[in-house]
Amino acid sequence: MVAVTHTPIDVERIFREIATPRSGGIDVFVGTVRNHSHGKRVRQLEYSAYVPMAEKLMAEIEQEIKRKWVIESVALVHRVGMLQIGDVAVVTAVSAHHRDAAFEACRYAIDRVKGVVPIWKKEYFEEGMAWVVGQHEVDVQT
Amino acid sequence: MISVNVKFFGPLREIVGEERKLELPDACTGDVAFEKLASSYHGLHKWKPSVRLAVNLEYVQFSHELHAGDEVSFIPPVSGG
């Protein structure tokens, strides 16, 4: 199950969707909006995506995970739009028979989502804003 | 000549806008398409080393040959999560 969504992410619902009777463990990573970045206070974050490509790549990551580990189910969900401090920005979740596969696959899932999926983050500070470009930020010319 | 749609996202959207239709010679590569855009939008030059090319929702090399009707995008470094 993969999705890019404008509406708040319901972590509980994702948990219920990937839980299966054959699962012995479910690993859920929840990425949230933090109030600081490189020493600056962040007021809010805006995420935007190339939605059809993002969902296609997320579906590919889901298949990669199913090939690499013996698991039951995967969920990859990323929110877009204007988010406030503490909001859930991304969830990766994996259910598996055993915890090792669940932990490893869930870690792989969030790393791959952050590494390749065409989604971009813009930080809004007390003064000014910046695009986050890969691991760096670039001030927006105003 | 062929015509392709180029979509822009993130920081590149603020330089170029959402979408541009580009007329290109036959058998033209992604590299040539980028250079043509960069000659109109000078702010694009500095992005050349860091953008990736996507054609029809897939990452491809800059040497990839474009075809009529392709959906092209130059993808700045991603920062989801």
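FYI, it's all coordinate maths here, none of it is from the lab. As the structure is a prediction and not an experimental result, all values here were calculated from the model. No Cβ is skipped: glycine too gets one built from the backbone with ideal geometry, and neighbour counts run over all protein chains shown.
Axis angle, to the nearest 10 degrees, between helix B:30-40 and the longest C-alpha principal axis of chain B: 70 degrees. Pairs with C-alpha atoms separated by more than 27 Å, drawn from the list A:K66/B:K46; A:K68/B:K48; A:K114/B:K48; A:K56/A:K121; A:K40/B:K36; A:K40/A:K121, are A:K66/B:K46; A:K68/B:K48; A:K40/B:K36. Seen from B:G30, the other residues with C-beta closer than 11 Å to its C-beta sum to a net charge of -2, counting Lys and Arg as +1 and Asp and Glu as -1. Of the GluC sites (Glu not before Pro) in segment A:80-131, the ones in a loop by DSSP (not H, G, I, E or B) with at most 14 other beta carbons within 10 Å are A:E126, A:E127. For chain A, modelled as a GNM whose springs connect Cα atoms under 10 angstrom apart, the maximal fluctuation among A:G31, A:G86, A:G39 occurs at A:G39. Between A:P52, A:P21, A:P118, where does the largest GNM mean-square fluctuation fall for chain A, given springs only between Cα atoms within less than 10 Å? Its mean-square fluctuation being the largest, the pick is A:P21.
Here the mean projected area of the convex hull built on the C-alpha positions of chain B is 5.0 nm². Here's how it looks for A:S73: its modeled amide H is under 5 Å from those of A:S95, which are all 5 or more places away or on a different chain. Each other residue within a Cβ distance under 12 Å of A:Y50 adds +1 if Lys or Arg and -1 if Asp or Glu, for a net charge of -1. Which percent, to the nearest 5, of DSSP beta bridges fully inside segment A:1-89 are antiparallel? In segment A:1-89, approximately 65 percent of DSSP beta bridges are antiparallel ones. Qualifying GluC sites (Glu not before Pro) in chain B, where qualification requires a DSSP coil assignment and no more than 13 other C-beta atoms within 10 Å, comprise B:E18. Semi-axes of the equivalent ellipsoid for segment B:3-49, computed as √(5λ) from the eigenvalues of its C-alpha gyration tensor and ordered from largest down, come to 18, 13, 8 Å.
Each listed q (0.09, 0.10 Å⁻¹) maps to a log10 I(q)/I(0) for the protein assembly as shown, found by the Debye formula over equal Cα scatterers with no solvent: -0.41, -0.51.
Of all aspartates and glutamates in the structure, the ones whose alpha carbon falls short of 13 Å from that of A:K122, not counting any fewer than 8 places away in one chain, are A:E46, A:E137, A:D139, B:E14.
What separates the Cα centres of segment B:21-81 and segment A:95-142 is a distance of 23 Å.
Under a 5 Å amide H cut-off, with hydrogens placed 1.01 Å from N, A:R43 pairs with A:Y124, A:F125, A:E126 among residues at least 5 apart or on other chains.
Around A:N35, with a cut-off of 13 angstrom between Cβ atoms, what is the net charge of the other residues, counting Lys and Arg +1 and Asp and Glu -1?
Details: positive: A:R34, A:K40, A:R41, A:R43; negative: A:D87, A:E123, A:E126.
Neighbourhood net charge equals +1.
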